[in-house]
Amino acid sequence: MTDKSVVDRRKLLVGIPTVAGAVAFSFPSNAPSAKPLSRRTIQSMTAEGLSSDERTRHERYMAMAFDLAKKGAAPFGAVIVHRESGNVVCKGRNQGDVNPIYHGEIDAIINCGRLKPPIEWEMMTLYTTGECCPMCMSAVVWAGIPEVVYGTSIKSISTFGVDQIEFNSPSVAAAAPFYEGRIIGGILKERTDPLFEAWASRLNRCKHRDEDPGGLYGKCNRAS
Ligand SMILES: [Zn+2]
């Protein structure tokens, strides 16, 4: 690997705009895959850039994800919704205490994958209380789900004090030349941010007291 092919992590973390409205996500020019990425765009936007009708619709489904998150081993809940019918097709919640890769989004995608007849992935929107980690966003890309809506960003969860792989979901999407989609952040973050902040506090409290070495998913870390 040459110096030029090294991705600047600071640049990747600015993928989600802080201004209202949709913008095309641009991959760092020194990234190895920058050339093919110019063929299409990943739209990354915040709740503020939406019409009030659209925002209200997204908030309705995020509230369902929020309720699932409260039942998870960590506060990640997800619902997958058919965009035309508005039907909730699948649900998921973090079950990291069972298997560390059972994130809420993975759980929901696995549940959708079991349905017969197979679902129309391209008609789905995935809602998740926390921004998709690189593993979950990769699963979204492979499933071909073209829209993701999240509450709290990876950056915020990290700031609250929980370890994160600091590679945001637009960066993952942009690294897949075959994928086109839209990522909306900050829906109901006034509810999801405190949920993650409280989780982070419990984790840190447990860590300082040297209690419950079960890590992220131990009993000590559950909401009381
Ligand atoms: Zn994940």
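No value in this document is a laboratory result; all are computed from the given coordinates. Keep in mind it's a predicted model, so treat the numbers as computed, not measured. Because the Cβ atoms are built from the backbone with ideal geometry, glycine has one as well, and the counts that use them run over all protein chains shown.
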Problem set entry | Karplus-derived HN-Hα couplings along region 97-108 (A = 6.51, B = -1.76, C = 1.60, θ = phi - 60°), whole Hz, x at Gly and Pro | 6, 8, 8, x, 9, 7, 6, x, 5, 5, 4, 5
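Can you tell me the dipole magnitude for region 78-214 around its Cα centre, using point charges on the Cβ only (Lys, Arg +1; Asp, Glu -1), in Debye to the nearest 20?
On the way: 13 positive and 17 negative charges, 44 e Å.
Computed charge dipole of region 78-214: roughly 200 debye.
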For this session: Using the number of other C-beta atoms within 10 angstrom as an exposure proxy, rank Val88, Val141, Val81 with the fewest first.
Result: Val88, Val141, Val81
For this session: For Ser44, enumerate residues with amide H under 5 Å from its amide H, sequence gap 5+ or separate chain, H modeled in the peptide plane.
Result: Val23, Phe25, Ile183
Problem set entry | For region 159-175, Karplus couplings with θ = phi - 60° (6.51, -1.76, 1.60), whole Hz, Gly/Pro x | 5, 5, x, 9, 4, 9, 7, 7, 9, 6, 5, x, 5, 5, 4, 5, 7
Seminar exercise, completed: Protection proxy (average C-beta count within 10 Å per residue), highest first, orders 59-68, 126-135, 159-168 as 126-135, 59-68, 159-168
Seminar exercise, completed: Amide H neighbours of Gly130 at under 5 Å, excluding residues fewer than 5 places away on the same chain, with H built from the backbone geometry, are Gly77, Gly151, Thr152
For this session: Quick one: what are the phi-derived ³J(HN,Hα) couplings along region 124-131, Karplus 6.51/-1.76/1.60 with θ = phi - 60°, whole Hz, x for glycine and proline?
Result: 9, 10, 9, 10, 9, 5, x, 3
